[in-house]
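The values are calculated or read from the model by the stated rules, or taken from the named source; none is laboratory data. For clarity, every value in this text was computed on a predicted model and none was experimentally measured. Positions of Cβ are backbone-derived with ideal geometry, glycine not excepted, and every protein chain shown enters the neighbour counts.
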Amino acid sequence: MWQKLTIESKNSIEEYTKNRFEICDLSFSNLLLWSIGENTEYEIENDILTIRSIYMGEVYYYMPIPKNDTPENIEKMKEKIREILKENVPIHYFTEYWYEKLKNDFNLQEKRDYEDYIYSYESLSTLKGRHYAKKKNRVANFRKSYEYSYDSINKDNIDEVVDFQKKWYEIHSESGGEILKNENEGILNLLKNYEKLDLKGGFLKVNNHIIAYSLGEALTDKMVLVHTEKALIDYIGSYQAINMIYLQEEWQGYELVNREDDFGDEGLREAKMSYKPLYLQKKYSIEKNV
């Protein structure tokens, strides 16, 4: 039976997803973030988790997820895929592992726009090397120009972060369209449920006002996923500073940083590539028949 995905769905979803995938799309917090704007629903049947959403008026499915990859469950997964394809809708976010398992049965296509950018934690948290010279200079200039402080997000200060997110969205709302509206609603939902989720966040203050914050979680014991990062560009170097300082303060001991995909946005692609990813995490889709 299909159910609306809410914060109460966390345990049910994570029984199938927790610590299993290195892509942003299948983390519960990411699913929750987009669930309001995309009317996300899920169903668990015969040890298979199926998730579907609506984007721009079109239904799409996530890769059906078996509870484990026994031969029996893989066959159940294949049957679920065939069942979905009868609806003539796309199925997205197959990982490389599942591509190898399913490529002989289905027409899986690599989707560059959906690929996650994976970086070295050491590189992003230190900005060592000539590739990062400009970014490191911007952080240095930020530190010289502003008397700032860093704090971790907690129950005592989270209302300030909520107010900042609302302010940030107000500044960008006219140019952001429906996607930014959905993202804003989703971020506010994450912040509302912060203590129920496995999130770590932090923010920078100048003159006792938040000017940047970041929010993320551990995908695996080696990889951090950064869900969102917002800053006021009036403070020169604020984006580079929160990027670096947040990782230093919250995620020491991790090896990799997943900064999600670019969704085909050329400006975002250029920005993400400028941080020199170690690799792009491939994802595959089965497209609907046109």
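Tabulated data for the structure shown
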read-out: Segment 142-164 residues that are in contact (Cβ under 8 Å) with a residue 24 or more places away in the chain, paired with ones that are surrounded by fewer than 12 Cβ atoms within 10 Å (Cβ to Cβ) (beta carbon under 8 Å, 6 or more apart); value: Glu147/Asn207; Lys155/Glu195
read-out: Some residue of segment 137-148 being crowded, with 19+ Cβ neighbours inside 10 Å, at pLDDT 95 or above, part of a helix (DSSP H, G or I) and not assigned by TED's automatic domain parsing to the domain that holds Gly253; value: no
read-out: Residue that is surrounded by the most Cβ atoms within 10 Å (Cβ to Cβ), among those in segment 176-211 that are among the β-branched types (Val, Ile, Thr) and under 14 Å from Ser35 (Cα atoms); value: Ile187
read-out: Candidates Tyr132, Tyr93, Tyr117, Tyr169 - the one that is surrounded by 18 or more Cβ atoms within 10 Å (Cβ to Cβ), in contact with an Asp or Glu (Cβ under 6 Å, 6 or more places away or on another chain) and modelled with pLDDT of 95 or more; value: Tyr93
read-out: Exclusive hit being modelled with pLDDT of 95 or more, part of a strand (DSSP E or B) and assigned by TED's automatic domain parsing to the domain that holds Asn137, set Leu247, Leu225, Leu190; value: Leu225
read-out: Check on Ser149, hydroxyl-bearing (Ser, Thr, Tyr), in contact with a strand residue (DSSP E or B) (Cβ under 8 Å, 6 or more places away or on another chain) and under 26 Å from Ser27 (Cβ atoms); value: no
read-out: Segment 252-282, residues that are in contact with a helix residue (DSSP H, G or I) (Cβ under 7 Å, 6 or more places away or on another chain) and hydrophobic (A, V, I, L, M, F, W, C); value: Leu256, Val257, Phe263
read-out: Pairs where the first residue, in segment 279-290, is in contact (Cβ under 8 Å) with a residue 24 or more places away in the chain and the second is of a type in the set (S, T, N, Q) and assigned to a strand (DSSP E or B), C-beta under 8 Å, 6+ apart; value: Gln281/Asn258; Tyr284/Gln109; Ser285/Gln109; Ile286/Gln109; Glu287/Gln109
read-out: Those strands (runs of 3 or more DSSP E) lying entirely in segment 1-65 with at least 2 residues crowded, with 16+ Cβ neighbours inside 10 Å and either touching a residue at least 60 places away in the same chain (Cβ under 8 Å) or among the β-branched types (Val, Ile, Thr) (or both); value: 48-55
read-out: Residue among Asn88, Asn68 that is part of a loop (DSSP other than H, G, I, E, B) and free of Cβ contacts under 8 Å to residues at least 60 places away in the same chain; value: Asn68
